[in-house]
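Just below is one structure, and these are the notes that go with it.
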Amino acid sequence: MASIYSYKRMAEGEYYNYKKGRGPYLIDVEGKKYIDGVSSLWCNVWGHQFKPLDHALQKQLKNIAHSTMLGLTNTKAIELAEELIKIAPNGLNKVFFSNSGSEAVEVSLKISYQYWQNLGYKKKSKFISFVNAYHGDTLGAVSVGGIDLFHSLYKNLLFDTFKVPAPYCYRCPNRQNNSADSLCCLESINILDNILRKNKDNICGIILEPKMFAAGGFILQPVSFLKKVEKLAKEYDVHLILDEVATGFGRTTKMFACEHENVKPDIMAVGKSLTGGYLPVSATILTNQIYKAFIGNYNEFKTFFHGHTYTGNPLGCSVALANLKCMKKYKLLEHVKKISKVFEKELAKFHQLPNVGDIRFIGLMCGIELVKDKKTKEEFCYEDRIGYKVTLLARNYGLFIRPLGNIIVLMPPLFIKENVLKKITDITYKSIKEFFETYQNQSLCNPKAPKR
Ligand SMILES: *Cc1c(COP(=O)(O)O)cnc(C)c1O
């Protein structure tokens with residue numbers, strides 16, 4: 001009875017109020033434990049209250065919490081920049097710090113644009129981005145985003161970009177497989193090629209999330225899609241800007257997702273897991289070649305006039321450094337590789353469920369697409385909030401997850417133990433199953449609602 005009561009409370013919109021975190025658990029004010037199944041929004045690496053990170057912060061507090069990086073620098077920011085360059089794809093060796101993933105994306109776009117301006121390519125002012133892309137919620141990041149539900153309201157405030165359809169293999173009319181020969185992959189690449197051919201003199205760069213369009217619905221890109229995008233960026237001499245904010249630091253089993261295809265961006269944005277989920281630090285990492293375009297006499301005004309108050313915050317940088325150190329010490333990438341095999345095996349069971357249309361994952365990031373009809377792939381409409389209702393059931397069983405529309409998102413903390421991971425998949429399985437056993441199709445569908 002208690003569980004039905006709390007389900008009802010949540011259905012009425014009551015939020016759970018967490019007070020503490022321990023390992024993979026969030027603990028609410030009443031002392032109830034929930035597994036943190038979304039890594040506190042995709043950024044937690046080790047679980048909560050991880051001693052080495054706690055200690056790094058305590059130690060840094062004995063020196064300084066914060067001063068500015070505008071006109072000064074600090075030892076922790078320098079050390080962190082050096083460590084980032086060591087692990088970043090070859091050729092990326094300059095670091096610009098900010099505080100959130102959105103800002104790291106804004107900085108990437110502004111640097112790319114200014115690079116071309118500084119070199120005298122005055123016509124270059126456009127970016128190519130993808131439908132279903134998500135790069136953050138600030139206006140520049142929204143301009144290169146492509147999710148109508150989040151973004152369409154603001155369209156009068158945004159700058160124009162060329163939008164390429166993402167290869168959504170599950171909904172591709174002629175699905176062959178998850179390969180680059182699949183028709184929608186070829187189509188997407190052809191459209192990109194056409195845009196570049198016709199507009200290359202106006203284009204600064206292409207921005208995308210490598211391997212997985214995450215917040216846009218966990219759309220896994222076909223193998224070698226990213227490589228093809230890189231090839232076109234090189235061919236037409238525009239920047240390849242990769243947004244590794246969600247995928248970076250081991251989430252996909254590699255340090256960065258672009259390593260799966262041996263792709264080397266010109267500019268890379270990182271955030272989320274950089275501090276292990278402790279503090280908001282993000283970074284834009286770029287090539288020396290781009291950096292050099294910003295060097296000149298003061299009166300040439302080649303400077304990148306951009307800086308946030310808390311840029312390079314020493315507390316944030318010290319915890320990020322400890323996080324990167326632990327990644328080596330505890331062999332995080334090997335752990336993720338091993339545990340993602342368990343994840344894969346557990347996820348395979350979900351195909352038995354009647355309303356599970358597609359399961360898309362790489363490493364420890366996964367989206368489970370729920371559909372009305374498995375054969376026709378008919379979607380539930382957004383207003384019915386199917387994903388949300390399933391996650392409320394899961395919460396009742398002690399798992400905190402958050403959906404994206406009809407997609408159930410599973411993003412466990414990377415250092416998760418096998419038994420906790422299995423608990424996440426078991427509870428999710430049970431919640432989907434039970435939800436549809438009692439589901440009565442009384443749709444609130446509104447055909448005028450913004451389409452995703
Ligand atoms: C979360 C996310 C962002 C935005 O990061 P914030 O820290 O929320 O501003 C940008 N890009 C991708 C791919 C993300 O997943």
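Scan segment 88-102 and give yes if some residue there is at pLDDT 95 or above, open to solvent by less than 10 Å² (accessible area, probe 1.4 Å), within 12 Å of the ligand (Cβ to nearest atom) and not β-branched (Val, Ile, Thr), otherwise no. Yes: one or more hits.
Going by the structure shown, is Ala233 in contact (Cβ under 8 Å) with a residue 60 or more places away in the chain and touching a strand residue (DSSP E or B) at 6+ places or on another chain (Cβ under 7 Å)? In short, no. Residues of segment 405-448 that are open to solvent by less than 30 Å² (accessible area, probe 1.4 Å), modelled with pLDDT under 95 and either among the aliphatic types (A, V, I, L, M) or farther than 23 Å from Glu378 by Cβ (or both): none at all. Scanning segment 114-154 for residues that are modelled with pLDDT of 95 or more, closer than 25 Å to Lys272 by Cα, more than 11 Å from the ligand (Cβ to nearest atom) and of a type in the set (Phe, Trp, Tyr) turns up Phe127, Phe130. Of all residues in segment 247-275, those satisfying the criterion of being closer than 18 Å to Lys337 by Cα and open to solvent by less than 10 Å² (accessible area, probe 1.4 Å) are Thr247, Gly248, Phe249, Gly250, Arg251, Thr252, Phe256, Ala257, Cys258, Ser273.
Among the hydrophobic types (A, V, I, L, M, F, W, C) and either in contact with a Pro (Cβ under 9 Å, 6 or more places away or on another chain) or under 16 Å from Gly91 (Cβ atoms) (or both), is that true of Phe218? No, not satisfied. When segment 227-248 is examined, which residues are found to be in contact with a Leu (Cβ under 8 Å, 6 or more places away or on another chain) and within 15 Å of the ligand (Cβ to nearest atom)? Ile241, Leu242, Asp243, Gly248 - these are the residues of segment 227-248 that are in contact with a Leu (Cβ under 8 Å, 6 or more places away or on another chain) and within 15 Å of the ligand (Cβ to nearest atom).
Of all residue pairs spaced 6 or more apart or on separate chains, none has beta-carbon atoms under 6 Å together with a first member in segment 184-209 that is more than 17 Å from Ser129 (Cβ to Cβ) and a second member that is among the aliphatic types (A, V, I, L, M) and modelled with pLDDT under 95.
Restricting attention to segment 216-226, the residues that are within 16 Å of the ligand (Cβ to nearest atom) and either open to solvent by 10 Å² or more (accessible area, probe 1.4 Å) or more than 28 Å from Ile407 (Cα to Cα) (or both) add up to 1.
You will find that of Ala133, Ala166, Ala141, the residue that is surrounded by 15 or more Cβ atoms within 10 Å (Cβ to Cβ) and not in a loop (DSSP other than H, G, I, E, B) is Ala141 and no other. Restricting the search to segment 25-46, which residues are out of contact with any helix residue (DSSP H, G or I) (no Cβ under 9 Å at 6 or more places or on another chain), at pLDDT 95 or above and in a loop (DSSP other than H, G, I, E, B)? Across segment 25-46, the qualifying residue is only Val38.
The values are calculated or read from the model by the stated rules, or taken from the named source; none is laboratory data. Computed from a prediction, not measured in an experiment: that's the story for all the values here. Glycine also receives a Cβ, built like all others from the backbone with ideal geometry; neighbour counts cover every protein chain displayed. Ligands, DNA and RNA are excluded from the accessible area calculation, which covers all protein heavy atoms including side chains. Shrake-Rupley method; radii C 1.70, N 1.55, O 1.52, S 1.80 Å.
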